[in-house]
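The values are calculated or read from the model by the stated rules, or taken from the named source; none is laboratory data. Note that the coordinates shown come from a computational prediction; the quantities given were computed from them, not determined experimentally. Note that we place each Cβ from the backbone using ideal geometry, even for glycine, and neighbour counts take in every protein chain shown.
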């Protein structure tokens, strides 16, 4: 995790101040929706500097979870060295963005927004050390995401919407409650929409975000995208995830061991 620091006029400083205004909704699980996340001019610069589609990787091709609708989702991990292959004309923007966006101060600001529910969860124990992973994501027609609770190693998730205008606000992330009272899921299984009640939808509006604490009942998803839904552009966003660092390391280690075992058979 880098150590990007804020100043009053910096994008990071602006976002941190916006986080201070959020109001966490506790049901069906802790979450909030926030608008005007970035300075307006900075947001337009971000949109202008989004990489071309050829820079993304198709999710179906790079994931072990072979769900057919993943063919309609492309993404690019914002991992170490990711900016090196960017075109010269947009590289400097993303180098600067990555420095503060993946930094400690931004992570602490996200955690602070959930301070009360985190205290209820961990009590007198400190919040676990976190690690950060983030992706640029692009959804096309045919994509959907059934209700699921997310990976158990995640602590908090922030979905930053990169909508160019208000025309696709109905394409936001849906928040669900299971029809069976008390139902929970620890392993991020993707379920049928028919088994859940859609409580609300976080509108896919320019310069907005949805943030939530991951739990065994943090069910969320995306309704199917039609050709008409994305006729004026793809559904772009940035996914930012704070993981329980120790649990994530154990998870990745087990995954690598399983892959190595499979290759050697």
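Here are the numbers for this structure:
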quantity	calculated
Lone unmet requirement of (1) modelled with pLDDT under 95; (2) in contact with a helix residue (DSSP H, G or I) (Cβ under 7 Å, 6 or more places away or on another chain); (3) within 22 Å of residue 203 (Cα to Cα) for residue 63	(3)
Filter result (assigned to a helix (DSSP H, G or I) and either in contact with a strand residue (DSSP E or B) (Cβ under 7 Å, 6 or more places away or on another chain) or surrounded by 16 or more Cβ atoms within 10 Å (Cβ to Cβ) (or both)) within the stretch 112-122	113, 117, 118
Unique match (being without any contact (Cβ under 8 Å) to a residue 60 or more places away in the chain, part of a strand (DSSP E or B) and either under 24 Å from residue 132 (Cα atoms) or over 12 Å from the mean Cα position of the chain (by Cα) (or both)) among 238, 201	201
Single residue of the stretch 207-223 satisfying the filter (touching a strand residue (DSSP E or B) at 6+ places or on another chain (Cβ under 7 Å) and not in a strand (DSSP E or B)) that is surrounded by the fewest Cβ atoms within 10 Å (Cβ to Cβ)	223
Residue satisfying all of: in the stretch 123-145; under 16 Å from the mean Cα position of the chain (by Cα) and closer than 15 Å to residue 111 by Cα; surrounded by the fewest Cβ atoms within 10 Å (Cβ to Cβ) among these	133
Selection status of residue 15, surrounded by 15 or more Cβ atoms within 10 Å (Cβ to Cβ), within 30 Å of residue 223 (Cα to Cα), touching a strand residue (DSSP E or B) at 6+ places or on another chain (Cβ under 6 Å) and at pLDDT 95 or above	no
Total residues in the stretch 57-69, condition free of Cβ contacts under 8 Å to residues at least 60 places away in the same chain and either in a helix (DSSP H, G or I) or surrounded by 13 or more Cβ atoms within 10 Å (Cβ to Cβ) (or both)	8
Of all residues making up the stretch 212-235, the number that are within 16 Å of the chain's Cα centre (by Cα) and free of Cβ contacts under 8 Å to residues at least 12 places away in the same chain	0
Counted residues, the stretch 146-164 - those being crowded, with 19+ Cβ neighbours inside 10 Å and under 19 Å from residue 205 (Cβ atoms)	7
Neighbours by Cβ (under 9 Å, 6+ apart or cross-chain): first from the stretch 241-265, at positive phi and modelled with pLDDT under 95; second surrounded by 15 or more Cβ atoms within 10 Å (Cβ to Cβ) and not in a helix (DSSP H, G or I)	none
Selection status of residue 132, in a strand (DSSP E or B) and modelled with pLDDT of 95 or more	yes
Output for the stretch 146-192, where each listed residue is assigned to a loop (DSSP other than H, G, I, E, B), on the phi < 0 side of the Ramachandran plot and under 17 Å from the mean Cα position of the chain (by Cα)	149, 151, 152, 153, 162, 163, 172, 190
Check on residue 226, exposed (fewer than 15 other Cβ atoms within 10 Å of the Cβ) and either modelled with pLDDT under 95 or more than 21 Å from residue 71 (Cα to Cα) (or both)	yes
Selection within the stretch 70-86 - touching a helix residue (DSSP H, G or I) at 6+ places or on another chain (Cβ under 9 Å) and surrounded by fewer than 11 Cβ atoms within 10 Å (Cβ to Cβ)	84, 85
Qualifying residues in the stretch 43-56 (those that are surrounded by 14 or more Cβ atoms within 10 Å (Cβ to Cβ) and part of a loop (DSSP other than H, G, I, E, B)) - the one modelled with the lowest pLDDT	56
